[in-house]
Amino acid sequence: MKRSSCNVTKVVGIVLAIFSIFYVRKCLAGKALFISSGIKVDYPLINLENSEVTAYITYKGKTYMRIQYNVLTEETKVNGSIETLKLNRLLKNKITLNDAEFIEMVQSSARFFIENEITNPDDYYGQN
């Protein structure tokens, strides 16, 4: 009697393990969890005539990086660094992008804004 209940327990455990593996995999397929790092990218100046875009990378209201990008000449001017923010050990793992990736993101957005003649991204994306 003791032996059969032990075998039943093992079989039930194996069945539950297999079921949970497939169920969890099915439930999580195609889903992602996004957690804000608190870093904002603002585009206060988009000059369509000169094809220039200025972006500020801020965290809690303090500007850490200023990027100016000219779409026509592909000239980029950068002041500051997000790496200084990563010196805080509490934020080090929260911020995954480096300076080059922020610059690339701003350049890509700038090309999109100039090509589509967008002067106010907040209005375009429907934000306040």
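For the reader, a short list of remarks on this structure follows.
- Near TYR125, once Lys and Arg are set to +1 and Asp and Glu to -1 for all other residues with Cβ below 14 Å from its Cβ, the sum equals -2.
- With θ taken as phi - 60° and the Karplus curve 6.51 cos²θ - 1.76 cosθ + 1.60 applied, the whole-hertz 3J(HN,Hα) list for segment 67-80 is 10, 10, 9, 9, 5, 5, 8, 6, 8, 10, 10, 10, 10, x Hz, x standing for glycine and proline.
- Along segment 102-116 the Karplus relation, 6.51 cos²θ - 1.76 cosθ + 1.60 evaluated at θ = phi - 60°, assigns HN-Hα couplings of 5, 4, 4, 5, 5, 4, 4, 5, 4, 4, 5, 5, 5, 4, 9 Hz to successive residues, with x for each Gly and Pro.
Quick note: the coordinates plus some simple rules give every number you see, no bench work behind them. This one's a predicted model, so the numbers in the text were calculated from it and none came from an experiment. When we count neighbours, we look across all protein chains shown, and the Cβ atoms used for this are built from the backbone with ideal geometry, even at glycine.
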